[in-house]
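Report on the following structure.
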Amino acid sequence: MRIAIGIDIGGTNTKYVLAQEDGTVLSSYKKPTPISADKNKKIEELLVDSLREFLNTESAKKVIDGASESSSIAGIGIGIAGLIDRKSGKIIQSPNMSKLNGVPLKDVFEKEFSLPVVIENDANIYAYGEKWVGAGKKFNNFAVVTLGTGLGGGLIYNGELYEGPMEIGHMVIVPSGRYCTCGSYGCLESYASGRAIVDNVVSALEKGTESLLSKCCDGNIYKITPEIVFKTALEGDNLSREVFRDLGQFLGIGMSNLMNILDLEAIIIGGGLIGAWDLYIDKLNKEASKRAFKPLSSVPVLKSTLTKNAGSIGAAGFLFSKIASNPTGADQ
Ligand SMILES: [Zn+2]
């Protein structure tokens, strides 16, 4: 069985897998993403070095050395946040790694490793992973929402990855709302994301709202993280519980928009905040069913089953799909 290299370049960490065509992960690796270039090397060169490092680990070497003719390495799939020129494999705009803007990442990796390379947006890759081996396996039409520090989105339509922007996090839901990093105002991401959780808590604490969180972090409320808010919510803290319910409400509004626009069989939520699922899912469902067209509001909202390495697994799967549709190479 063939093997693919899957890479998920995140804002904090880059994750790697070697995966088989049936989705089995044979080896995985994680490394901090090089955010800035060092003196002698560009970011893309540091990313190439990191992949070499992974391929030189004991675990990866064992897989590659054991690979016979019939289980050769098929290529490299890469997921990264931002807009991608799919034809050229160039990064058009990456919010976390602006130094990669304009870099032909596909060419760089193809040249270095002499393997076919495909590049996709990270949330799209996540959606592909759900279709390939996750909670979306049995569906042909579903949206994936990645709820982490920010809010990403991907879509599987008629069984295929929709290769478009799907920036669900930047659908506007509050006119004249909060300023968003994309340059607009009132985007869903500013109200439903890890960043929004922290913003809401901090602004309530600044106004003097009582909460267990005011004593947190040696009194420095600007050090509060979504994980800390989750913990105090479980301890029964009202403010912490409320911000998760608010997140559920905004997310419910966003999801009702998706239900009304797309003919979906399911919405799958993934990302770091699914750990706090019970704190917002009721509110989300209630809000979505209140707002979506009645016959459309029964679309189930499901939890991702690919919590670990979802992006890198999806990247490997996406590479296989591209190779299958174009056996002469991944250039399309
Ligand atoms: Zn935005």
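The values are calculated or read from the model by the stated rules, or taken from the named source; none is laboratory data. Owing to the predicted nature of the structure, the values given are computational and were not obtained by experimental measurement. Please note: Cβ atoms are built from the backbone with ideal geometry, for glycine as well, and neighbour counts cover all protein chains shown.
Things worth noting here:
- Just one of the listed residues (Val174, Val202) is at negative phi, of a type in the set (Val, Ile, Thr), surrounded by fewer than 20 Cβ atoms within 10 Å (Cβ to Cβ) and within 16 Å of the ligand (Cβ to nearest atom), and it is Val174.
- Selection of region 21-56 for residues being of a type in the set (Val, Ile, Thr) and either assigned to a helix (DSSP H, G or I) or surrounded by 15 or more Cβ atoms within 10 Å (Cβ to Cβ) (or both) yields Val25, Thr33, Ile43, Val48.
- For region 161-168, the count of residues that are in contact (Cβ under 8 Å) with a residue 12 or more places away in the chain, on the phi > 0 side of the Ramachandran plot and within 16 Å of the ligand (Cβ to nearest atom) is nonzero.
Residue-wise test of (1) under 16 Å from the mean Cα position of the chain (by Cα); (2) crowded, with 20+ Cβ neighbours inside 10 Å.
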| residue | (1), (2) |
| --- | --- |
| Lys90 | no, no |
| Val103 | no, no |
| Glu120 | yes, yes |
| Thr146 | yes, yes |
| Leu151 | yes, yes |
| Gly169 | yes, yes |
| Cys187 | no, yes |
| Ile197 | no, yes |
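- Per the listing Ala266, Ala276, the residue uniquely surrounded by 22 or more Cβ atoms within 10 Å (Cβ to Cβ) and under 20 Å from the mean Cα position of the chain (by Cα) is Ala276.
- All conditions in (1) out of contact with any helix residue (DSSP H, G or I) (no Cβ under 7 Å at 6 or more places or on another chain); (2) more than 18 Å from Gln249 (Cα to Cα); (3) within 12 Å of the ligand (Cβ to nearest atom) hold for Cys182, with the sole exception of (1).
- Residue check, Gly79 of a type outside the set (Lys, Arg) and either assigned to a loop (DSSP other than H, G, I, E, B) or at positive phi (or both): no
- Flag if Ser203 is small (Gly, Ala, Ser) and modelled with pLDDT of 95 or more: yes
- Counting only strands (runs of 3 or more DSSP E) that fall entirely inside region 82-188 and contain at least 1 residues that are closer than 30 Å to Ser203 by Cα and assigned by TED's automatic domain parsing to the domain that holds Asn257, the qualifying elements are 142-147, 151-157.
- As a summary of the residue check, Glu227 satisfies the conditions (1) within 22 Å of the chain's Cα centre (by Cα); (2) farther than 21 Å from Val144 by Cβ; (3) crowded, with 20+ Cβ neighbours inside 10 Å except for the one numbered (3).
- Selection count, region 185-195, where residues are within 14 Å of the ligand (Cβ to nearest atom) and either among the polar types (S, T, N, Q) or closer than 18 Å to Cys216 by Cα (or both): 3
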